[in-house]
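Scroll down for the structure; my scribbles are underneath it.
The values are calculated or read from the model by the stated rules, or taken from the named source; none is laboratory data. Fair warning: this is a prediction, and the values are worked out from it, not measured in the lab. Here the Cβ positions follow ideal geometry from the backbone for every residue, glycine too, while neighbour counts run over all protein chains shown.
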Amino acid sequence: MNKFITLNNGIKMPTLGLGVWQIKQSETARVVSWALESGYCHIDTARIYGNEKGVGEAVKSSDIPREQIFITTKLWVTDFFNAELAYRKSLDRLGLGYADLYLIHWPFPFWKHAWKTLEKLYQQGRIKAIGVSNFGIRQLEVLLKFSAITPAVNQIEFSPFYYRKELLAYCKEKGIALEAYSPLTRAKKLNHPVIKELAQKYAKTAAQIMIHWSLQHGLIVIPKSQNPNRIVENSEVFDFTIDDGDMARLDSLNENFRTGFW
Ligand SMILES: NC(=O)c1ccc[n+]([C@@H]2O[C@H](COP(=O)([O-])OP(=O)(O)OC[C@H]3O[C@@H](n4cnc5c(N)ncnc54)[C@H](OP(=O)(O)O)[C@@H]3O)[C@@H](O)[C@H]2O)c1
């Protein structure tokens with residue numbers, strides 16, 4: 001299983017990253033530093049998470065060169081008419097010269113206007129890659145019709161309990177990498193008997209089984225943890241393979257389970 005995926009514009013993106021939603025700004029630098037020390041080189045933040053500053057502090061204080069760390073941030077829906085300014089402000093908070101990936105956070109009204117600005121920023125070389133989040137097939141079809149650039153990534157909720165098979169096939173066909181958020185169902189399904197049984201079978205933890213399942217389906221995966229032991233645990237997912245029969249069992253757990261109210 002690959003630790004990097006090549007996006008449709010040739011940029012290499014680590015397939016495992018740390019999500020930092022709901023980590024307080026005051027704790028973020030410490031948590032991200034733990035992750036970087038544990039071997040993570042990809043962090044997923046957003047303007048709306050309120051912790052870009054902490055992410056940037058950890059990146060800057062790390063011994064790892066900036067170009068070896070992949071940073072994603074996102075454009076919030078109230079900034080769709082000010083996307084250029086919003087990006088500049090995100091970079092100011094990060095204290096970094098560029099983001100590796102900038103995403104439209106949600107397909108709220110006027111997202112097309114925002115996408116045009118992201119295209120411009122990308123064409124000016126100010127972002128390594130641009131993409132979207134929470135886009136379904138219908139919205140991607142609209143985007144692909146009017147856009148000069150195919151989004152590099154679509155970040156969506158994805159787990160064995162929310163297995164979005166058609167969207168996965170569609171994105172694969174169009175060359176859009178799919179990225180799994182809430183891959184651990186925010187810990188709500190870690191005690192499911194099938195997950196527990198497979199954890200025992202593969203001598204892994206329930207969280208590792210769920211992360212690996214998404215990776216084995218070819219996704220980029222961004223589990224969140226602010227616990228140093230669980231950060232390490234969630235990264236030890238590249239040393240085993242789930243056999244086809246067990247992948248099918250995990251696939252069959254789908255119940256369109258969403259963690260959020262959306
Ligand atoms: N684009 C979007 O709209 C969107 C929406 C939601 C999330 N996201 C991104 O995706 C990331 C991950 O999603 P998420 O935060 O919703 O949920 P998640 O990664 O599925 O689950 C996080 C929860 O699981 C716990 N956890 C982590 N590792 C564990 C382990 N090994 N064993 C047991 N419990 C564990 C965490 O607690 P501890 O921290 O205490 O370990 C936390 O409560 C976010 O941080 C964010 O970056 C994006």
| remark: Heads up, the helices (runs of 4 or more DSSP H) in the range 145-262 (entirely inside) with at least 2 residues that are touching a residue at least 60 places away in the same chain (Cβ under 8 Å) and surrounded by 13 or more Cβ atoms within 10 Å (Cβ to Cβ) are 206-216, 228-235, 244-251
| Filter result (crowded, with 22+ Cβ neighbours inside 10 Å and in contact (Cβ under 8 Å) with a residue 40 or more places away in the chain) within the range 17-39 | 17, 18, 19, 20, 23, 31, 35
| field | Output for the range 36-79, where each listed residue is of a type in the set (A, V, I, L, M, F, W, C), part of a helix (DSSP H, G or I) and within 22 Å of residue 156 (Cβ to Cβ) | value | 48, 55, 77
| field | Positions within the range 203-235 being within 6 Å of the ligand (Cβ to nearest atom) and among the small types (Gly, Ala, Ser), in sequence order | value | 207, 225
| field | Scan of the range 106-144 for residues that are more than 16 Å from the ligand (Cβ to nearest atom) and assigned to a loop (DSSP other than H, G, I, E, B), ordered by number | value | 109, 110, 124, 125, 126
| task | Could you tell me whether any residue of the range 83-97 is closer than 30 Å to residue 208 by Cα, assigned to a helix (DSSP H, G or I) and more than 16 Å from the ligand (Cβ to nearest atom)? | result | no
| field | Options 196, 172, 188; residue that is over 30 Å from residue 33 (Cα atoms), at pLDDT 95 or above, within 15 Å of the ligand (Cβ to nearest atom) and of a type outside the set (A, V, I, L, M) | value | 196
| Enumeration of residues in the range 54-80 that are over 18 Å from the mean Cα position of the chain (by Cα), of a type in the set (Lys, Arg) and closer than 24 Å to residue 118 by Cβ | 66
| query | Could we say that residue 127 is under 18 Å from the mean Cα position of the chain (by Cα) and not polar (S, T, N, Q) here? | reply | yes
